[in-house]
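The values are calculated or read from the model by the stated rules, or taken from the named source; none is laboratory data. From a predicted model like this one, the values you see are computed outputs, not experimental measurements. All Cβ positions, glycine included, derive from the backbone under ideal geometry; neighbour counts span all protein chains shown. Accessible surface is based on the protein model in full, side chains and every heavy atom, while ligands, DNA and RNA are left aside. Shrake-Rupley method; radii C 1.70, N 1.55, O 1.52, S 1.80 Å.
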Amino acid sequence: AARRSGSAMSTRGATCEVYGPVESVYNLCVPLPEPLPRLPMFRSSRKAAPPTASTFNPPGTTHPLVTNCAGDASEPVIKPSAHGHFGKPLGSYKSVPSVFLKKMARSSSVPTLAEIRKSNPEALKPTRLRKSRFTEMGGGGPPKRGDEPVMNLVSAKNFIVANAVETILAQPRRPTNHVKDYMKKEDYGKAPKYLKRIQRDLDSERAYIERFYDSQEQEPATQALEESERLSMLEGLKAKWEQANTEYQRTTHCTYLDTEGLKRNKEKSEAALTNLENDIGKLSKAGIIVDLER
């Protein structure tokens, strides 16, 4: 049976070779391209040099535009600052719950004197010694431990009698009078300076008022109106009368005034025409006298 199956397989293979490949659905699929083997990354044997005419990192420095224009720099002209321009990597600014400021993290407690004596006794030594007052006075410094003090110094002066003699011979103190005598002052009985200044101001105002009244009495209180001025005023009044009359004629045809505005305008126009006619009648006469005080 094995021999038969082998002969059958050989016969089928020979038939496939003669008539071409066996038809299959998988032959319709496009075969995947085989990936090329990845070459190792090129590493130059020379030291990495900065790029020519680089614009990185120059703002705010002594090279504000470009750096390494000639291309002969072996190292970066300006050292890159730590995340100074592009910032830290993404996620670096995220807060970490486990990292927070803890107690005594930026400060420390003051150690006791006993701890300093054990850990750092050199810190207790004075950095500068103060000069002794005995050395400044020329005494050669404080006395030594073995020096014996000078004893049995006796004075023949009788201090009680000396004090009594000094008190008897001393001059008596004169009593001082602290009461101030205002009659001996230089400006006693004289008017103060501020009163004199006020008096001068009052005198100047009084003189100005007197001069003003004198000038008013000298000038005439009335004046004759010139003919040219009278005619110009008369022409102006007539022109105003024509204008007021034109405005008044617009409402004369209205026999029924149903609004307060129309009534008010008509009364105003009539009063203006009456006043203008009175003024024109006064200025039409010759020899007009003007009262200057009014």
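Suppose the filter is out of contact with any Pro (no Cβ under 6 Å at 6 or more places or on another chain), surrounded by 12 or more Cβ atoms within 10 Å (Cβ to Cβ) and among the acidic types (Asp, Glu); does residue 258 pass it? Working first, answer last.
Values: out of contact with any Pro (no Cβ under 6 Å at 6 or more places or on another chain): yes; surrounded by 12 or more Cβ atoms within 10 Å (Cβ to Cβ): no; among the acidic types (Asp, Glu): yes.
For residue 258, the condition - out of contact with any Pro (no Cβ under 6 Å at 6 or more places or on another chain), surrounded by 12 or more Cβ atoms within 10 Å (Cβ to Cβ) and among the acidic types (Asp, Glu) - is not met.
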Report whether or not residue 140 is surrounded by 10 or more Cβ atoms within 10 Å (Cβ to Cβ), at pLDDT below 85 and either in contact with a Pro (Cβ under 6 Å, 6 or more places away or on another chain) or not basic (Lys, Arg) (or both).
yes
Kindly establish whether residue 196 is surrounded by 10 or more Cβ atoms within 10 Å (Cβ to Cβ) and part of a loop (DSSP other than H, G, I, E, B).
no
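Right, residue 234: more than 60 Å from the chain's Cα centre (by Cα) and open to solvent by less than 90 Å² (accessible area, probe 1.4 Å) or not?
On the way: more than 60 Å from the chain's Cα centre (by Cα): yes; open to solvent by less than 90 Å² (accessible area, probe 1.4 Å): yes.
Yes: the conditions hold for residue 234.
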So residue 184, is it loosely packed, with under 10 Cβ neighbours inside 10 Å, farther than 30 Å from residue 285 by Cβ, basic (Lys, Arg) and at pLDDT 85 or above:
no
So which of 247, 235, 242, 267 ends up being part of a helix (DSSP H, G or I), within 30 Å of residue 285 (Cα to Cα), without any contact (Cβ under 8 Å) to a residue 24 or more places away in the chain and touching a helix residue (DSSP H, G or I) at 6+ places or on another chain (Cβ under 6 Å)?
247
Return yes when residue 108 is modelled with pLDDT under 80, among the polar types (S, T, N, Q) and open to solvent by 70 Å² or more (accessible area, probe 1.4 Å) and no when it is not.
yes
Of the criteria (1) part of a helix (DSSP H, G or I); (2) farther than 30 Å from residue 216 by Cβ; (3) more than 60 Å from the chain's Cα centre (by Cα), which one residue 261 fails:
(3)
Pair list, Cβ < 9 Å and 6+ apart or interchain, from segment 29-47 residues that are free of Cβ contacts under 8 Å to residues at least 60 places away in the same chain to residues that are open to solvent by less than 100 Å² (accessible area, probe 1.4 Å)
47/74; 47/75
Say we look at segment 261-294 and pick out the residues that are open to solvent by 70 Å² or more (accessible area, probe 1.4 Å) and basic (Lys, Arg); which of these is nearest to residue 227 (Cα to Cα)?
285
Confirm whether residue 214 is modelled with pLDDT of 85 or more, open to solvent by less than 90 Å² (accessible area, probe 1.4 Å), more than 30 Å from residue 282 (Cα to Cα) and acidic (Asp, Glu).
no
